[in-house]
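Peer 1: Below are the structure tokens for one structure; questions will follow.
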Amino acid sequence: MSETTVRIPAPLRTLTGGSDEVKAQGGTLGAVIDDLEKRHPGIKDRLVDEKGIRRFINIYVGEEDARFTGGLSTEVKGGEVSIVPAMAGGAGGA
Amino acid sequence: MPTTYSDLIADVRRGIREVSLDEIKRRLDAKVPMVLVDVREKEETRPGYIPGAINIPRGFLEMQIEQRISDKNAPIVLYCAGGTRSALAAKTLADLGYTNVESANPGFVRWKDLGYPQEKPPELTDAQRDRYSRHILLPDVGEVGQSKLLGSKVLLLGAGGLGSPAALYLAAAGVGTLGIVDADVVDASNLQRQVIHSTSRVGMAKVDSAAKFISDLNPDVKVIPHGERMTSENVERLFDAYDLVVDGTDNFPTRYLVNDASVFLGKPVVHGSIFRFEGQATTFVPASAAKKFSIAPPEGGPCYRCLYPEPPPPHLAPSCQEAGVLGILCGIVGTLQATEAIKLLLGKGNPLVGRLITYDSLRMKFRELKLRKDPECPVCGPNPTIKSYIDYEGFCAIG
């Protein structure tokens with residue numbers, strides 16, 4: 001099975017030992033996340049809840065937002081999965 | 001071989017295609033793609049010209065045409081005052097390999113008599129022509145574009161990390177009115193990234209510090225300071241007078257408030273956000289704003305709620321205050337936002353509508369991700385459930 005590169009955003013890197021890119025396997029996004037959880041326990045809960053992908057997280061398979069391509073059942077054929085969280089910072093705060 | 005002027009003109013006219021003024025008017029009304037080129041002298045165009053025409057005086061035609069119109073198959077319509085110079089110009093362009101050239105017959109004098117629409121060139125001062133000369137040289141800006149910028153009004157939300165570089169470049173570019181919303185005062189810890197402020201202005205209200213910097217940089221720019229926090233109560237008053245909004249706010253409740261106001265009021269929002277070494281930028285043009293901005297898709301693009309239906313719970317949303325941010329990152333993302341604002345105002349280029357740029361400064365990588373309109377979006381979808389402002393603090397506290 002082909003390996004997928006998963007882009008980890010800064011707020012989740014405490015779960016990946018600081019890595020901004022990690023590997024995972026799986027034919028669907030759900031399987032990739034399950035594999036990710038085995039390698040980096042605790043990460044799944046940050047990405048999905050009982051209804052699917054959390055609504056403040058976007059997960060892209062390639063360039064496409066998985067929310068619009070079948071959610072966790074989106075097919076993953078190697079390549080890149082990017083986790084893009086909502087960020088509020090405009091660095092205005094003193 | 002023609003021997004007299006009359007022979008020459010008759011010969012030229014036989015070799016070119018001519019088009020009537022009625023036909024040009026019809027194409028203008030129907031928005032048929034064409035490049036209208038006014039080949040009169042600059043001074044002749046001052047009282048008015050056909051809307052959308054570019055001016056290349058016939059004396060400069062051969063030298064400038066390839067820079068201005070690089071596509072040799074572009075549909076070009078030339079005109080002058082009466083139809084003679086444009087006929088000669090049409091022959092020249094054919095000689096240069098342009099394949100789809102027409103010459104208006106008669107010309108602008110008759111166009112004006114018919115009462116057809118005209119545009120007047122902007123009234124820039126000599127000092128402005130000098131200050132903005134590097135913009136004016138750009139065919140996609142020119143005096144017309146520069147004048148648009150001078151007549152434009154942009155609201156900056158925050159004079160902080162993102163707002164500082166955005167304000168700085170928008171002011172330098174000559175965006176005529178900059179509103180700035182910020183209730184904070186300058187703190188020494190801001191100066192690592194908030195480049196519009198300075199050590200000597202620590203303790204001053206940020207809106208006043210920014211106004212001081214801008215008036216020194218470019219006296220053409222009118223700064224309107226709004227030294228207040230944005231709320232559901234004042235958002236409409238704040239947005240109302242401006243063409244678009246550059247969002248550099250630093251918290252989720254305000255992001256959602258800005259988004260909802262953008263959809264309700266039909267104002268584009270150029271969005272930027274940053275975290276540590278990474279940034280995001282995109283441009284939200286709701287359907288309600290799309291018709292005012294020619295480069296946006298007519299059906300509008302997704303909104304912030306399409307991208308992030310819900311905010312993260314507060315414990316998962318650390319701020320830059322807690323997590324830190326690379327100062328320079330603010331410059332990159334803030335200037336991306338300023339670029340988007342200028343493009344929307346000029347009506348040039350391809351905006352970040354439906355596209356999210358993510359930037360990783362450590363890897364030095366820009367990525368582009370597609371954003372889609374959420375058909376179930378509670379604000380901009382076909383069946384909206386949020387039609388007025390909500391309790392944003394409460395919405396973001398639950399998460």
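Peer 1: Among the listed residues B:211, B:281, B:296, B:289, which satisfies the condition of being in contact with a helix residue (DSSP H, G or I) (Cβ under 9 Å, 6 or more places away or on another chain), of a type in the set (A, V, I, L, M) and either in a loop (DSSP other than H, G, I, E, B) or closer than 17 Å to residue B:176 by Cβ (or both)?
Peer 2: B:296
Peer 1: Right, something else. In region B:297-313, how many are open to solvent by 10 Å² or more (accessible area, probe 1.4 Å) and away from chain A (no Cβ under 14 Å)?
Peer 2: 3
Peer 1: Being assigned to a loop (DSSP other than H, G, I, E, B) and within 23 Å of the chain's Cα centre (by Cα) is the filter; apply it to region B:214-232 and report the residue that is surrounded by the fewest Cβ atoms within 10 Å (Cβ to Cβ).
Peer 2: Top of the filtered list is B:219.
Peer 1: May I ask you to list the residues in region B:230-271 that are under 17 Å from residue B:164 (Cβ atoms) and touching a Cys at 6+ places or on another chain (Cβ under 9 Å)?
Peer 2: B:248, B:250 - these are the residues of region B:230-271 that are under 17 Å from residue B:164 (Cβ atoms) and touching a Cys at 6+ places or on another chain (Cβ under 9 Å).
Peer 1: Further, regarding this structure: Looking at region B:33-81 only, could you name the residues that are without any contact (Cβ under 8 Å) to a residue 12 or more places away in the chain and of a type in the set (A, V, I, L, M)?
Peer 2: Answer for region B:33-81, where residues must be without any contact (Cβ under 8 Å) to a residue 12 or more places away in the chain and of a type in the set (A, V, I, L, M): just B:63.
Peer 1: Among (1) out of contact with any Cys (no Cβ under 9 Å at 6 or more places or on another chain); (2) open to solvent by less than 20 Å² (accessible area, probe 1.4 Å); (3) within 7 Å of another protein chain (Cβ to nearest Cβ), there is one condition residue A:63 misses while meeting the rest; what is its number?
Peer 2: That leaves (2) as the condition not met.
Peer 1: Do you know which residues across region A:20-41 are within 12 Å of another protein chain (Cβ to nearest Cβ) and open to solvent by less than 50 Å² (accessible area, probe 1.4 Å)?
Peer 2: Selection gives A:20 alone.
Peer 1: Additional query: Restricting region A:66-94 to residues that are free of Cβ contacts under 8 Å to residues at least 40 places away in the same chain and either charged (D, E, K, R) or outside any loop (DSSP other than H, G, I, E, B) (or both), which is farthest from the other protein chains (Cβ to nearest Cβ)?
Peer 2: In this case the residue turns out to be A:66.
Peer 1: Would you check which residues across region A:66-94 are crowded, with 22+ Cβ neighbours inside 10 Å and at positive phi and list them?
Peer 2: Selection gives A:91 alone.
Peer 1: Then there is this: Give region B:130-143 a look and list any residue that's without any contact (Cβ under 8 Å) to a residue 24 or more places away in the chain and open to solvent by less than 70 Å² (accessible area, probe 1.4 Å), or say none.
Peer 2: B:133, B:136, B:143
Peer 1: Here is a follow-up. If residue B:342 satisfies every condition in (1) touching a Pro at 6+ places or on another chain (Cβ under 9 Å); (2) within 24 Å of residue B:178 (Cβ to Cβ); (3) of a type in the set (Val, Ile, Thr) but one, which is the exception?
Peer 2: With (1) touching a Pro at 6+ places or on another chain (Cβ under 9 Å); (2) within 24 Å of residue B:178 (Cβ to Cβ); (3) of a type in the set (Val, Ile, Thr) applied to residue B:342, the lone miss is (1).
Peer 1: If you go through region B:181-225 one residue at a time, how many are hydroxyl-bearing (Ser, Thr, Tyr) and over 23 Å from residue B:329 (Cβ atoms)?
Peer 2: Result for region B:181-225: 2.
Peer 1: For region B:181-191, state whether one or more residues are within 14 Å of another protein chain (Cβ to nearest Cβ), in a strand (DSSP E or B) and buried (at least 18 other Cβ atoms within 10 Å of the Cβ).
Peer 2: Within region B:181-191 (the criterion being within 14 Å of another protein chain (Cβ to nearest Cβ), in a strand (DSSP E or B) and buried (at least 18 other Cβ atoms within 10 Å of the Cβ)), the answer is yes, since at least one residue qualifies.
Peer 1: Now for a separate question. Working only within region A:42-65, note down all residues that are touching a strand residue (DSSP E or B) at 6+ places or on another chain (Cβ under 7 Å) and assigned to a strand (DSSP E or B).
Peer 2: Of everything in region A:42-65, those that are touching a strand residue (DSSP E or B) at 6+ places or on another chain (Cβ under 7 Å) and assigned to a strand (DSSP E or B) turn out to be A:53, A:57, A:58, A:59, A:60, A:61, A:64, A:65.
Peer 1: Any idea which of (1) touching an Asp or Glu at 6+ places or on another chain (Cβ under 7 Å); (2) outside any loop (DSSP other than H, G, I, E, B) is the one residue B:166 doesn't satisfy?
Peer 2: (1)
Peer 1: Residue B:148: closer than 26 Å to residue B:267 by Cα, open to solvent by 70 Å² or more (accessible area, probe 1.4 Å) and either in a helix (DSSP H, G or I) or of a type in the set (Val, Ile, Thr) (or both), yes or no?
Peer 2: yes
The values are calculated or read from the model by the stated rules, or taken from the named source; none is laboratory data. Just so it is clear, the structure is predicted and the values come from calculations on it, not from any experiment. Every residue, glycine as well, gets a Cβ built from its backbone with ideal geometry; the counts of neighbours run over all protein chains shown. For accessibility, only protein heavy atoms count, side chains too; no ligands or nucleic acids. Shrake-Rupley method; radii C 1.70, N 1.55, O 1.52, S 1.80 Å.
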